[in-house]
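Read the figures in this text as sums done on the coordinates, not as results from a lab. What you see is a predicted model; the values in this text were computed from it and never measured. In this analysis, Cβ positions are derived from the backbone assuming ideal geometry, glycine residues included, and neighbour counts consider all displayed protein chains.
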Amino acid sequence: MAARPSLRRSDLLDDPIRQFAAWFERAEVHPLIAHPEAACLSTLGPGGTPEGRMVLLKRIDARGFVFYTNLGSAKARALAAHPRAGLTLHWQPLGRQVRLRGPVAPTSEADADAYFATRSRASRIGAWASEQSREVDGRVALERRASDFERQFEGVSVPRPPHWSGFRLEPEAVEFWQEGPARLHDRFLYLRVRGGGWALRRLYP
Ligand SMILES: Cc1cc2nc3c(=O)[nH]c(=O)nc-3n(C[C@H](O)[C@H](O)[C@H](O)COP(=O)(O)O)c2cc1C
């Protein structure tokens with residue numbers, strides 16, 4: 001394994017969102033990272049059992065980290081009951097992991113409309129066709145629903161389904177992990193401070 005520079009406190013910006021943006025920019029241009037915006041979303045499911053699944057982060061800014069999904073899905077129901085979550089990203093070729101956690105709130109209707117309008121027609125039809133996380137009789141049933149919606153919206157633009165929208169995680173903790181030699185990795189945790197700003201500490205790996 002090629003030696004990588006370790007992560008020093010002096011390498012880190014005061015604001016973890018800006019630090020995230022700096023790492024994200026590196027991941028985006030890396031030829032071996034196909035989906036730098038892919039993250040594991042962890043929620044608390046029924047009975048308090050944690051559940052994880054991948055989502056794509058579609059907007060990242062000072063207000064938080066936005067993803068879109070079906071509002072009837074297991075994840076959306078979990079978030080309605082317990083509106084807090086974790087996001088974990090792994091950029092293997094860079095030896096980097098970022099973990100975030102915090103409260104989650106729905107995005108605005110206008111925000112969801114604007115993002116939905118950027119999706120391809122096929123994936124807009126797909127959003128109508130999928131009753132995400134519910135049992136489906138078979139592949140044929142799914143394809144029939146997709147064809148039905150294609151017919152329904154023939155010749156017109158596909159509107160955002162009422163059961164499809166976005167959520168924003170507002171981080172209150174952000175951890176940056178940089179792989180090091182002999183398992184001596186570098187970990188830095190930012191914690192949001194009441195009243196503004198962030199506290200930064202180094203953790204044992
Ligand atoms: C790389 C990747 C990205 C994904 N992005 C999303 C996404 O942005 N939104 C979404 O609803 N599902 C996405 N999925 C599918 C979810 O992982 C999951 O299977 C689905 O949302 C149902 O999850 P749930 O039953 O826990 O709600 C993605 C899957 C992969 C592998």
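Below are the figures for this structure:
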read-out: Order of PHE65, PHE153, PHE176 - criterion: other Cβ atoms within 10 Å of each residue's Cβ, fewest first; value: PHE153, PHE176, PHE65
read-out: Over region 155-197, relative contact order from alpha-carbon pairs under 8 Å, at least 6 apart, %; value: 29 percent
read-out: Rounded to 10°, Cα long-axis angle of helix 16-29 versus longest principal axis of the chain; value: 70 degrees
read-out: Packing-based exposure ordering (other Cβ within 10 Å, fewest first) of TRP164, TRP23; value: TRP23, TRP164
read-out: Amide H within-cut-off set for GLY102, under 5 Å, with H built and near neighbours excluded; value: ALA85, GLU172
read-out: Charge tally in the Cβ shell below 14 Å around PRO171, where Lys, Arg are +1 and Asp, Glu are -1, PRO171 excluded; value: +3
read-out: Electrostatic dipole magnitude of region 108-165 [Cβ: Lys, Arg +1; Asp, Glu -1; Cα centre; debye, to 20]; value: 160 debye
read-out: Helix-only [θ]222 nm of the chain, DSSP H runs n ≥ 4, -39500 (n - 2.57) each, per residue, nearest 500; value: -8000 deg cm²/dmol
read-out: Proxy reagent accessibility, fewest Cβ within 10 Å first, across TYR190, TYR204, TYR115, TYR68; value: TYR204, TYR115, TYR68, TYR190
read-out: Relative contact order of region 123-193, pairs being alpha-carbon contacts under 8 Å that are 6 or more residues apart, as %; value: 24 percent
read-out: Mean separation of Cα contacts under 8 Å (6+ apart) over length of region 72-205, as relative contact order %; value: 27 percent
read-out: Cα centroid separation, region 1-75 to region 118-167 (Å); value: 27 Å
read-out: FRET efficiency, 1/(1 + (r/R0)^6) with R0 22 Å, evaluated for SER147 and ALA38 via beta carbons; value: 0.15
read-out: Under 5 Å, built H, 5+ apart or other chain: amide partners of TRP198; value: VAL193
read-out: Neighbour count of at most 14 Cβ within 10 Å plus DSSP loop: longest trypsin sites (Lys or Arg not before Pro)-free window in the chain; value: 64-133
read-out: Gaussian network model of the chain, springs between alpha carbon atoms under 10 Å - residue of VAL193, VAL156, VAL136 with greatest fluctuation; value: VAL156
read-out: Counted charge near SER147, where neighbours are those whose Cβ lies closer than 13 Å (Asp, Glu -1; Lys, Arg +1); value: 0
read-out: For the chain, built as a Gaussian network whose Cα springs stay under 10 Å, the top-fluctuating residue of GLU135, GLU143, GLU172; value: GLU135
read-out: Under the Karplus curve 6.51 cos²θ - 1.76 cosθ + 1.60, θ = phi - 60°, whole-Hz ³J(HN,Hα) for region 89-104, x wherever Gly or Pro sits; value: 10, 10, 10, 4, x, 9, x, 10, 10, 10, 10, 10, 8, x, x, 10
read-out: Within-10-Å neighbourhood charge of THR88 [Cβ basis; K, R +1; D, E -1]; value: +1
read-out: Dipole of the chain, positive direction: furthest Cα of LEU79, PRO93, VAL140, with charges on the beta-carbon; value: PRO93
read-out: Longest to shortest principal axis, alpha-carbon extents of the chain, angstrom; value: 58, 39, 32
